[in-house]
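Read the structure below first, then the notes.
The values are calculated or read from the model by the stated rules, or taken from the named source; none is laboratory data. Here the structure is a predicted model, which means the values were calculated and not measured. A quick note on method: Cβ atoms are made from the backbone with ideal geometry, for glycine too, and the neighbour counts reach across all protein chains shown. Note: accessible area is taken over every heavy atom of the protein model, side chains too, but ligands, DNA and RNA are not part of it. Shrake-Rupley method; radii C 1.70, N 1.55, O 1.52, S 1.80 Å.
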Amino acid sequence: MKKFLVLCSVVISVLVVLLNGCKSTKSEPVEILGAGATFPAPLYNKMFDEYYNLTKNKVNYQAIGSGGGIKQYKEKTVDFGGTDAYLSDKEIADILAVGDSVLHVPTCIGAVVVAFNLPGITKIKLSPEAVSGIFLGTITKWDDALIVADNKDVTLPAMDIKLVTRSDSSGTTFVFTDYLAQVSKEWSEKFGADKSINWPAKGVLSGKGNPGVAGLITQMPGSLGYIELSYATQNGISYAALKNKSGNFIEPTLGSASKAAAGSIPADTRISLVDSDVSDAYSIASFTWLIFNKELNYGGRTEHQAKEIVKMLQWVITDGQQYNEALDYAKIPEATVVTAKEILKQVTYNGKTLSK
Amino acid sequence: MVKHFLNKLRKGSADTIKEGKGDIISFSLKKDRILDYIFNKILLLSALCIVLFVVGMLITLIAASSESIKQFGLKFFVTNIWDYKNNIYGSLAFMTGTLATSFIALLISLPFSFSISILLGVYLREGFLSNFIKVTTELLAGIPSVIYGFWGFFFMGPIMRSVAVFFGVEGSSGYGIITSSIILAIMIIPYTASIGREVIELVPGNLVEGAYSLGATRFEVVTKIVVPFAFSGIFAGVILSLGRALGETMAVTMLIGNTNDIPKGLFSTGNTIASVIANEFNEASGVKMASLIELGFVLMAITLVVNFIGKYIIKKMSME
């Protein structure tokens, strides 16, 4: 019995020494906290799950909405925020005023489609004038001349267009109205781009979230609304090909959405991708970003933690991109990855650059 | 203070035992008194906690909405504006939407819940069918509201679209005030019905038997004895269910169409206070957030007022 106890204690002490040894050679896993946009949340969850398997670093992302993400970033309660709309010049100036500096890196590209429900019709083409006219309330019938002009091969019914919009304030609405403001002077003057809009058209119906809008569209013949591409493809909802800036009618796909970022991207990646110049790009696409502080020595972060945060961000824009398309998010183009890598080089800890 | 009291009691009992005057019974009586005292205080404390909770909630709601109270003042309650671009907010559209759906729902539910409570309370007091109806009604209360919303969305919507066409209403989507009200009505029936049934069962048997012995028919017993006697209780059930209808969020959000405007008819779309809060708070900040919180305060106030009016009516009725 005594022998057994001695053996046990020897084994345990050897194990303890071994485990300690492991600990000292391998870097300690860190926990990284993020919060923000709901639109890319499924992708982030997948990415961070894979990242945990790779590195044992736990990244906790809370999908509380873009506004919430920006707020939490500003209050420094998170390591990074997620947002569907980049920070405005004023917001950036406000952050500079308190002595901080914010950086954006894009993680994926989302496309918003103009979805519709017309019995027997699965494909229509819409010009920017038609889309803005419909949402301004000047086009109310499906057989309006402006719609018919682009759809000679389809017999459009003399039905009322039942508009469906988002009832909750959302990045999807922002991207869509950003497009409307780009293509219609009247829209940009009256409403601009916003997460919530006082829709001017009559009898507008609103659903909560992408599923709510998608549900209303499938329920009502004659309806038209805007939803994320993935919701349309997953629910078998028809959507329109849009005439882009170059005059080509482009079907929304992950490829054509990704093309929207093929043009010139500014060094800070803060750019709206709607109404892109690229000839085969889909018109209503948008980056979604992760935002974080340039200087990471705040809130008691150690240099090790700061390094791990940068490593994680680097992984998201490079190896992490392999998970985008399986989850219906468009990849960011190679050129943008290069730009984003440059941005990550600016991150500092105590003024010292973290990545080479 | 409690300690002091306990010490006094303990000392007292020890003294009595020492002097040989006390016995086991008086000791256990005193022990009971201590327990009773503690129990009493615990009850009082929990009751006070609830009061504190409600008052605290009202205070925080007012404090957090100070920005919009300052900016819009009383206008908030009388204007039908919900303007995101210029950050001007008024609650009239949502107040009308909330009251309209709730009261229409109440009107629709009353005949059903009233019939069920009289049927189960007078005509079918026991037996398989009685139990079956009772359980089914109570089951309605246990269904989560999102399921009602879902069902309404996929089944009621298309039906209401045809109904609208039948009544000659053009361009109705099938969603709106009337669709939400019907679903709300189904949701509140179990509350009114089960309280009504219990109150009716409480009507003294000798009153009912007396009426029968005087040659009254069942119908006469119901209309002249049971219903007048149980009225205040039934009405209390109605008020309770109205409270539920006022605050219902999910099912209404899915069915009302979420149009921030005063509804113009039964088939028109609208929005309610609870629904607009649920829809917009996640991305709100500044004045908009303050306005949403003020809306929450308005909803609480409406519920309180409805409850007070209800209590007043009950008091008036039971005095007669």
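Annotations for the structure displayed:
- One residue from B:310, B:296, B:265 being farther than 17 Å from residue B:84 by Cβ and not in a helix (DSSP H, G or I): B:265
- Here B:182, B:159 are screened, and the one residue that is under 30 Å from residue A:159 (Cα atoms), surrounded by fewer than 17 Cβ atoms within 10 Å (Cβ to Cβ) and β-branched (Val, Ile, Thr) is B:159.
- Scanning segment A:183-201 for residues that are more than 9 Å from every other protein chain (Cβ to nearest Cβ), surrounded by fewer than 20 Cβ atoms within 10 Å (Cβ to Cβ) and under 16 Å from residue A:131 (Cα atoms) yields A:184, A:185, A:186, A:188, A:200, A:201.
- Restricting segment B:245-262 to residues that are surrounded by fewer than 20 Cβ atoms within 10 Å (Cβ to Cβ) and in a helix (DSSP H, G or I), the residue that is farthest from the other protein chains (Cβ to nearest Cβ): B:247
- Note on segment B:68-83: residues that are touching a helix residue (DSSP H, G or I) at 6+ places or on another chain (Cβ under 7 Å) and either within 14 Å of another protein chain (Cβ to nearest Cβ) or of a type in the set (Val, Ile, Thr) (or both) total 5.
- Any hit, segment A:81-97, residues being within 30 Å of residue A:216 (Cβ to Cβ), part of a strand (DSSP E or B) and more than 14 Å from every other protein chain (Cβ to nearest Cβ): no
- Test: residue in segment A:162-177 that is in contact (Cβ under 8 Å) with a residue 60 or more places away in the chain, open to solvent by 40 Å² or more (accessible area, probe 1.4 Å) and of a type in the set (Phe, Trp, Tyr): yes
- Counted residues, segment B:50-92 - those being of a type in the set (A, V, I, L, M, F, W, C) and open to solvent by 80 Å² or more (accessible area, probe 1.4 Å): 8
- Assessment of segment A:205-219 against the conditions (at the interface with another protein chain (Cβ under 9 Å from one of its Cβ atoms), surrounded by fewer than 24 Cβ atoms within 10 Å (Cβ to Cβ), charged (D, E, K, R) and assigned to a loop (DSSP other than H, G, I, E, B)) yields at least one matching residue.
- Of all residues assigned to segment A:140-153, at least one qualifies as being assigned to a loop (DSSP other than H, G, I, E, B), open to solvent by 10 Å² or more (accessible area, probe 1.4 Å) and of a type in the set (A, V, I, L, M, F, W, C).
- Qualifying positions in segment B:240-254 - touching a residue at least 60 places away in the same chain (Cβ under 8 Å) and out of contact with any Lys or Arg (no Cβ under 8 Å at 6 or more places or on another chain): B:241, B:242, B:243, B:245, B:246, B:248, B:249, B:250, B:251, B:252
- Among the residues listed as A:109, A:95, the single one being of a type in the set (Val, Ile, Thr), without any contact (Cβ under 8 Å) to a residue 40 or more places away in the chain and out of contact with any Gly (no Cβ under 6 Å at 6 or more places or on another chain): A:95
- Each residue in segment B:101-125 was checked for being among the polar types (S, T, N, Q) and either farther than 25 Å from residue B:225 by Cβ or not assigned by TED's automatic domain parsing to the domain that holds residue B:243 (or both), and 2 of them qualify.
- Pick from segment A:173-182, criterion aromatic (Phe, Trp, Tyr) and away from every other protein chain (no Cβ under 12 Å), ranking: farthest from residue A:271 (Cα to Cα): A:176
- Entry remark, segment B:282-293: residues being surrounded by 19 or more Cβ atoms within 10 Å (Cβ to Cβ), assigned to a helix (DSSP H, G or I) and within 14 Å of chain A (Cβ to nearest Cβ) number 4 in total.
- Filtered residues of segment B:264-278 (kept if farther than 24 Å from residue A:74 by Cβ and either within 11 Å of chain A (Cβ to nearest Cβ) or buried (at least 21 other Cβ atoms within 10 Å of the Cβ) (or both)): B:264, B:267, B:268, B:269, B:270, B:271, B:272, B:273, B:274, B:275, B:276, B:278
- Among the residues making up segment A:255-277, those that are on the phi < 0 side of the Ramachandran plot and surrounded by fewer than 22 Cβ atoms within 10 Å (Cβ to Cβ) are A:255, A:262, A:263, A:264, A:265, A:266, A:267, A:268, A:270, A:271, A:272, A:277.
- Scope segment A:327-351; condition free of Cβ contacts under 8 Å to residues at least 24 places away in the same chain and open to solvent by 30 Å² or more (accessible area, probe 1.4 Å); matching residues: A:334, A:338, A:345
- Of the residues making up segment A:37-78, just one is open to solvent by 80 Å² or more (accessible area, probe 1.4 Å), assigned to a loop (DSSP other than H, G, I, E, B) and more than 14 Å from chain B (Cβ to nearest Cβ), namely A:56.
- Subset of segment B:33-74 [of a type in the set (Lys, Arg) and either over 19 Å from residue B:286 (Cα atoms) or assigned by TED's automatic domain parsing to the domain that holds residue B:294 (or both)]: B:33, B:41
- Filter result for the condition that a residue is in a strand (DSSP E or B), on the phi < 0 side of the Ramachandran plot and either of a type in the set (Lys, Arg) or surrounded by 22 or more Cβ atoms within 10 Å (Cβ to Cβ) (or both), over A:180, A:242: A:242
- Flag if residue A:249 is open to solvent by 40 Å² or more (accessible area, probe 1.4 Å) and either within 14 Å of another protein chain (Cβ to nearest Cβ) or among the β-branched types (Val, Ile, Thr) (or both): no
- Selection of segment B:165-211 for residues being within 14 Å of chain A (Cβ to nearest Cβ) and either touching a strand residue (DSSP E or B) at 6+ places or on another chain (Cβ under 6 Å) or in a loop (DSSP other than H, G, I, E, B) (or both) yields B:169, B:170, B:171, B:172, B:173, B:174, B:175, B:176.
- Test: residue in segment A:300-310 that is of a type outside the set (A, V, I, L, M, F, W, C), in contact with a Leu (Cβ under 6 Å, 6 or more places away or on another chain) and open to solvent by less than 10 Å² (accessible area, probe 1.4 Å): no
- Residue within segment A:277-294 that is out of contact with any Ser or Thr (no Cβ under 8 Å at 6 or more places or on another chain), part of a loop (DSSP other than H, G, I, E, B) and under 24 Å from residue A:71 (Cβ atoms) present: no
- Flag if residue A:223 is facing another protein chain (nearest Cβ under 10 Å), more than 24 Å from residue B:83 (Cβ to Cβ), surrounded by 15 or more Cβ atoms within 10 Å (Cβ to Cβ) and not aromatic (Phe, Trp, Tyr): yes
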